[in-house]
Amino acid sequence: MAEMQNNNKSEIIYSLSQLWGPLSEEHQNTLLDNIQITSFKKNQLIYKDFDGPTRMMLLYQGKVKVFKMGIGGRSQIIRAIKPMEFFGFRAYFAAEDYKTAAMALEESTIVFFDMEVIVQLMKENFNISFFYLKHLSKELGHSDDRTVNLTQKHIRGRLAEALLLLKNNYGTEEDGYTLSIYLSREDLASLSNMTTSNAIRTLSSFAYEKIIAIDGRKIKIVNDEELKKISQLG
C-alpha cells in the first residue's frame, strides 16, 4: 500500500509539472512530503460549507460536484469537477470560510495540499502563481456566463447546456454517445436550476424528439448539433 501511494505521488508530481511548468527537485520533494491522497465513496462529503479552508484539493480520479444550499434547503450545483482539476481553495485566498460544499458523485480519489505549502511554492515559483491567477480568472468568467444562462435561458436551453457541460467534462463511453456520468434526476435538475419534475419532463421531450435516448440514468446524446442549437438559442 505504501509503495502504491508513493508511485501515485510520483505520478501526481509529474502531472503537476505539466500543469504548472518545470518544478525544481526541492519543490518536488516538498510536494512529495506534504500531499495526502484520500479515497471517497459515492455521495461522501469532501468538505462542507462554513468549514475553515486549510487545504487545496485536486481531483485525481472520479467525479465531484461543488454545490451550495439555497433558500429552503434547495441544493444548487455550482460546478462539476473533472479529473486533474483543482478546487476548494478560493475561500482560503479570500480569507473566509467555505460558501459551498463538495461531494463525490462516484468513488473518487482526491489529492490534498496544505495551503501554506502551496503559498510558499507560489512565492518561489512565478509559474505556479500565474497558473492559479489564470484558473481563478477563467472560473470567474465561467461563473458570469452561468449566472446569465441559468437566469435568462428557458428550461430547454438550461437542460441542453447542462448535458453538454457533462459531455465536455466527462466525455462519453466507448459508443461515443452515452455520457460517462450517471446523474440522478435531482442532480441534473440542480445543475440546470429547475425542479426535478421539470427536468424529467424536458428529458422526456428531448427523447421524444430523438435528441437524446434514455436508459435509466444513462443518457445518450443522439443529436449533438440540435442540442447545441437549443443551448445557444436558450
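Quick one: which residue in LEU58, LEU105 is within 18 Å of SER17 (Cα to Cα), out of contact with any His (no Cβ under 9 Å at 6 or more places or on another chain) and surrounded by 14 or more Cβ atoms within 10 Å (Cβ to Cβ)?
LEU58
Taking only pairs six or more apart or across chains, which ones have beta-carbon atoms under 8 Å, a first residue in the stretch 189-203 that is on the phi > 0 side of the Ramachandran plot, and a second residue that is in a helix (DSSP H, G or I) and at pLDDT below 90?
Once the first residue is on the phi > 0 side of the Ramachandran plot and sits in the stretch 189-203, its partners that are in a helix (DSSP H, G or I) and at pLDDT below 90 give ASN193/LEU150; ASN193/THR151.
Can you tell me which of LYS68, LYS99 is part of a strand (DSSP E or B), without any contact (Cβ under 8 Å) to a residue 60 or more places away in the chain and either among the small types (Gly, Ala, Ser) or open to solvent by 40 Å² or more (accessible area, probe 1.4 Å) (or both)?
LYS68
Please identify the pairs in which a residue from the stretch 126-147 that is in a helix (DSSP H, G or I) has its Cβ atom under 6 Å from the Cβ atom of a residue that is open to solvent by less than 50 Å² (accessible area, probe 1.4 Å), counting only partners at least 6 apart or on another chain.
ASN127/TRP20; ASN127/GLY21; ILE128/TRP20; ILE128/LEU121; ILE128/MET122; SER129/MET122; PHE131/TRP20
Do the conditions hold for LYS123, that is, is it more than 24 Å from SER75 (Cβ to Cβ), under 22 Å from the mean Cα position of the chain (by Cα) and in a helix (DSSP H, G or I)?
No, not satisfied.
Would you be able to say whether some residue in the stretch 156-168 is more than 30 Å from ILE71 (Cβ to Cβ) and more than 19 Å from the chain's Cα centre (by Cα)?
So far as the stretch 156-168 goes, no, none of its residues is more than 30 Å from ILE71 (Cβ to Cβ) and more than 19 Å from the chain's Cα centre (by Cα).
The values are calculated or read from the model by the stated rules, or taken from the named source; none is laboratory data. Computed from a prediction, not measured in an experiment: that's the story for all the values here. All Cβ positions, even for glycine, are placed from backbone atoms using ideal geometry, and neighbour counts span all protein chains on display. Ligands, DNA and RNA are excluded from the accessible area calculation, which covers all protein heavy atoms including side chains. Shrake-Rupley method; radii C 1.70, N 1.55, O 1.52, S 1.80 Å.
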